[in-house]
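Taking it in order: structure first as structure tokens, then the write-up.
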């Protein structure tokens with residue numbers, strides 16, 4: 001009889017693991033004050049669930065059960081090991097005495113724990129590589145192998161980054177806290193930056209065979225949703241909107257063979273309308289706060305593209321206006337380049353080319369392949385084929401992604417006939 | 001936890017300042033020291049003589065070698081320190097950011113290794 005019940009309960013445990021294991025971990029880190037101890041406790045709590053739930057039934061609140069079981073197992077484990085180490089006796093006693101049971105299960109505290117975990121993983125005292133790896137490991141629950149594959153590094157390298165980050169959290173006394181109100185804007189900027197890096201590595205990898213790495217983008221969107229749920233600040237909404245709007249074009253961005261399809265050539269029927277609508281609604285909400293920043297503005301630009309049924313219907317004037325606002329908040333040659341491309345669409349290729357040549361003459365984007373390919377494209381449209389060929393060649397020397405290189409080679413071939 | 005806040009700055013810049021300026025800076029340091037004494041963070045502090053006053057000592061193959069100046073030539077030199085007691089790194093960073101030298105030099109915040117002697 002237990003065999004018959006055991007199978008569906010195993011599925012229940014798996015589901016709870018998927019939906020709740022990160023929350024349970026976040027709370028265990030607070031209760032136990034140590035990442036490694038908490039991970040071990042999480043593992044033991046789920047092992048106990050597999051053993052006991054078929055016999056005793058699934059508890060009414062599985063998450064609370066897992067937290068208190070994990071905490072108990074960790075303290076029990078410390079006590080057993082403490083026969084050999086007097087310091088562990090003291091630690092076990094302190095952990096046992098320090099928390100009231102209702103504090104452990106307070107639902108608001110548990111939500112806060114997830115924020116504590118995110119802010120701790122993205123602490124500015126940790127090196128950027130470690131912030132990324134630790135966030136993906138602890139907040140998203142990715143394995144070190146999956147993180148290594150995503151960032152085209154070796155698993156031992158990722159594992160080492162995570163070990164070092166945990167050691168620094170412990171040794172330097174990085175607290176498990178949501179930053180104070182005074183520090184929150186700066187610290188939130190860093191968290192959003194880490195999420196955006198994860199997204200970008202999935203959406204536009206810096207090198208490799210494939211144009212996108214879907215899993216990472218999905219993880220970043222999940223993180224974005226979590227942040228909006230926990231901390232609904234305008235820029236948090238802006239970042240989630242930006243990711244949703246970009247991601248909605250994924251199916252249209254490349255051919256079945258993995259070749260690049262530029263925005264104006266994309267089959268817009270392939271765009272994911274549901275994500276676009278969600279992204280657009282978030283942009284509107286963020287803009288109406290009047291406290292928005294660069295992520296919201298970039299999302300707004302993506303939303304204007306999303307509104308156009310055909311490339312020819314794009315409201316370029318509005319896009320240029322949004323780029324102007326973006327440049328007011330951060331001077332960036334890449335933003336200037338994108339603005340120049342929009343100007344070329346509104347006022348013709350010659351106007352765009354003047355702007356791009358200005359940027360290139362300042363030397364800032366001299367090694368950026370997209371600056372040269374944008375220049376080449378405008379020269380091509382103006383019939384200045386020799387200049388177009390030279391710029392495509394320069395772009396090809398600099399491009400590192402295989403599909404982008406194939407795209408540039410195709411353009412070069414078209415021009416030689 | 002104990003944190004050592006090491007103050008690094010370009011000591012040649014300090015030497016170029018007019019006396020009125022250095023007096024004002026010293027006043028700011030004294031005020032800061034008083035404030036962290038009042039808040040209970042202060043454990044100790046010292047200003048160091050500039051690096052020309054330094055001597056580097058090492059023993060290699062059992063032989064003493066004594067050389068002039070600091071071990072490494074760097075743009076910013078160690079010029080002093082505060083030893084503080086703080087509950088965590090965020091608090092230590094908050095204190096370090098108020099050291100007057102943070103505005104022209106840099107502060108390295110290092111947790112002290114607590115060694116328990118048997």
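The values are calculated or read from the model by the stated rules, or taken from the named source; none is laboratory data. This is a predicted model, so every value here is computed, not measured. With ideal geometry, Cβ positions are generated from the backbone for all residues, glycine too; neighbour counts draw on all protein chains shown.
Kindly indicate which of A:153, A:189 is out of contact with any helix residue (DSSP H, G or I) (no Cβ under 7 Å at 6 or more places or on another chain) and either within 13 Å of chain B (Cβ to nearest Cβ) or not in a loop (DSSP other than H, G, I, E, B) (or both). Talk me through it step by step, then tell me what you get.
Numbers: A:153 fails: either within 13 Å of chain B (Cβ to nearest Cβ) or not in a loop (DSSP other than H, G, I, E, B) (or both).
Exactly one of A:153, A:189 is out of contact with any helix residue (DSSP H, G or I) (no Cβ under 7 Å at 6 or more places or on another chain) and either within 13 Å of chain B (Cβ to nearest Cβ) or not in a loop (DSSP other than H, G, I, E, B) (or both), namely A:189.
Name the one entry in B:74, B:55 that is more than 14 Å from chain A (Cβ to nearest Cβ) and within 17 Å of the chain's Cα centre (by Cα).
B:74
Please go through segment A:198-226 and give me each residue that is surrounded by fewer than 19 Cβ atoms within 10 Å (Cβ to Cβ), in a helix (DSSP H, G or I) and modelled with pLDDT under 80, ordered by number.
A:214, A:215
I need a count of the residues in segment B:75-110 that are touching a residue at least 12 places away in the same chain (Cβ under 8 Å), outside any helix (DSSP H, G or I) and surrounded by 11 or more Cβ atoms within 10 Å (Cβ to Cβ).
22
Identify all residues within segment A:262-276 that are part of a loop (DSSP other than H, G, I, E, B) and modelled with pLDDT of 90 or more; write none if there are none.
Within segment A:262-276, A:266, A:267, A:271, A:272 qualify.
For the subset of segment A:159-185 comprising residues that are in a helix (DSSP H, G or I), within 11 Å of chain B (Cβ to nearest Cβ) and in contact (Cβ under 8 Å) with a residue 12 or more places away in the chain, which member is farthest from residue A:39 (Cα to Cα)?
Per the criteria, the residue is A:168.
Taking segment A:1-18 only, how many residues are at pLDDT below 90, in contact with a helix residue (DSSP H, G or I) (Cβ under 9 Å, 6 or more places away or on another chain) and closer than 23 Å to residue A:139 by Cα?
So the answer is 0.
Looking only at segment A:328-356, how many residues end up being over 24 Å from residue A:376 (Cα atoms) and either surrounded by 14 or more Cβ atoms within 10 Å (Cβ to Cβ) or assigned by TED's automatic domain parsing to the domain that holds residue A:376 (or both)?
0
Is it the case, given these coordinates, that residue B:87 is at pLDDT below 95 and within 14 Å of chain A (Cβ to nearest Cβ)?
In short, no.
Tally time: how many residues in segment A:80-118 are outside the structural domain of residue A:64 (by TED's automatic domain parsing) and modelled with pLDDT of 75 or more?
Matching residues across segment A:80-118 total 7.
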